[in-house]
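Peer 1: Mind looking over this structure? Questions follow.
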Amino acid sequence: VNNHVLLLEAINAKIDASANPNIKVAVAVGGEYTGFNNHLDKIHSDLFGSKANLVDDWHIMAYDFPTSYGTNHSSTASASGSMDAWKNQGMAYNKMLLGVPFYGRNANRTGEIEYNNLTGSAATNYNSDVSGTWYYNGKSTLEAKIDLAVNKGAPGILIWDLGQDRPAGDYSLLDVINTK
């Protein structure tokens, strides 16, 4: 944890001395916030206080939650809980980007499938969060997560991974985000 701060200080020193001192620094953090394996103690508290200037954006990876969070590895409730837990650690909402997945996992977290490879009707998958045994984020959940992020003051969301989406105009999740 202490070396992470030293690394960020070194990165910022190199950026400040570079030809482009406006380069931004972002750090991705896990979304888990309860239980023994939560991620909240992995970041030095100074990065939310006296050294907050070292990080421009925090990427909250609000997906791949373990089964103790529920059947869907990336629910809106878990995203909200994660953002609030990081806020309680001292991270400002206005520096958070809420991470959303373009893939699904089964309830036991023993598999993964890309959104663009879900079986069944593309229209049904687009308007749902479940396809067979796969749990993912469909249209209404993505819209709810965007509202969540905006209402908390976050500057936006991040996506893992664009290559797992359907083509534009064909029940694309990126189109949902762009429209919202």
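Peer 1: Of these, Asn37, Asn53, which one is open to solvent by 70 Å² or more (accessible area, probe 1.4 Å) and in contact with a Pro (Cβ under 8 Å, 6 or more places away or on another chain)?
Peer 2: Asn37
Peer 1: Taking into account only those residues within region 1-59 that are aromatic (Phe, Trp, Tyr) and outside any helix (DSSP H, G or I), which is nearest to Gly153 (Cα to Cα)?
Peer 2: Among them, the one singled out is Trp58.
Peer 1: So, in region 161-180, of the ones that are of a type in the set (Asp, Glu) and under 17 Å from Tyr63 (Cβ atoms), which residue ends up most open to solvent (accessible area, probe 1.4 Å)?
Peer 2: Asp161
Peer 1: Has region 70-84 got at least one residue that is at pLDDT 95 or above, over 23 Å from Ala149 (Cα atoms) and open to solvent by 50 Å² or more (accessible area, probe 1.4 Å)?
Peer 2: For region 70-84, residues at pLDDT 95 or above, over 23 Å from Ala149 (Cα atoms) and open to solvent by 50 Å² or more (accessible area, probe 1.4 Å): absent.
Peer 1: Is one or more of the residues making up region 113-129 among the acidic types (Asp, Glu), surrounded by fewer than 18 Cβ atoms within 10 Å (Cβ to Cβ) and at pLDDT 95 or above?
Peer 2: Yes, because at least one residue in region 113-129 is among the acidic types (Asp, Glu), surrounded by fewer than 18 Cβ atoms within 10 Å (Cβ to Cβ) and at pLDDT 95 or above.
Peer 1: Now for a separate question. How many residues does region 133-160 hold that are touching a residue at least 60 places away in the same chain (Cβ under 8 Å) and either open to solvent by less than 60 Å² (accessible area, probe 1.4 Å) or assigned to a helix (DSSP H, G or I) (or both)?
Peer 2: Going through region 133-160 one residue at a time, the tally reaches 14.
Peer 1: Within region 69-89, can one find any residue that is within 30 Å of Leu54 (Cβ to Cβ), touching a strand residue (DSSP E or B) at 6+ places or on another chain (Cβ under 8 Å) and not in a helix (DSSP H, G or I)?
Peer 2: Checking region 69-89: at least one residue is within 30 Å of Leu54 (Cβ to Cβ), touching a strand residue (DSSP E or B) at 6+ places or on another chain (Cβ under 8 Å) and not in a helix (DSSP H, G or I).
The values are calculated or read from the model by the stated rules, or taken from the named source; none is laboratory data. Keep in mind the model is a prediction, meaning the values are calculated, not measured. Neighbour counts run over all protein chains shown; Cβ positions are idealised from the backbone, glycine included. Side chains are part of the model used for accessible areas, which takes the heavy atoms of the whole protein and leaves out ligands, DNA and RNA. Shrake-Rupley method; radii C 1.70, N 1.55, O 1.52, S 1.80 Å.
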